[in-house]
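The values are calculated or read from the model by the stated rules, or taken from the named source; none is laboratory data. What you are looking at is a predicted structure, and each value in this text was computed from that prediction instead of being measured. Note: ideal-geometry Cβ built from the backbone for every residue, glycine included; neighbour counts use all protein chains shown.
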Amino acid sequence: MSPVPSSADERTDLAWNRSGLAIVGCGLVVMRGLTLNGFERSDVAVGATILVLGMLSYVLAGWHARRRLAPGRAERPAQPADLLPVAVGVTVIGVAAFVLGLLFPA
């Protein structure tokens, strides 16, 4: 018998999905070159990186949700090992965004 997801689990999943899709959309806009300076080659590289980070966020959230809702896991509190992949993924996305900001200032 699989556990019934609580409304908090559903809200968390929706928030991760929304965030991942927003980052993907941002990457697509940057790749299209919708800037005041016109279409530049660096826009494509930055946009592609943002797009990949958004997809990474979306996939990581889905993987974590399936893992969290696996039989026998929903009844116990989250352990540090359960949260480590998400923490590492969010850190990678943040560091990559910071580096992009340094390398390609607006």
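For the reader, a short list of remarks on this structure follows.
- Selected residue [under 19 Å from Arg11 (Cβ atoms) and in a helix (DSSP H, G or I)] from Val90, Val95, Val99, Val52: Val90
- Any hit, region 45-54, residues being more than 19 Å from the chain's Cα centre (by Cα) and modelled with pLDDT under 80: no
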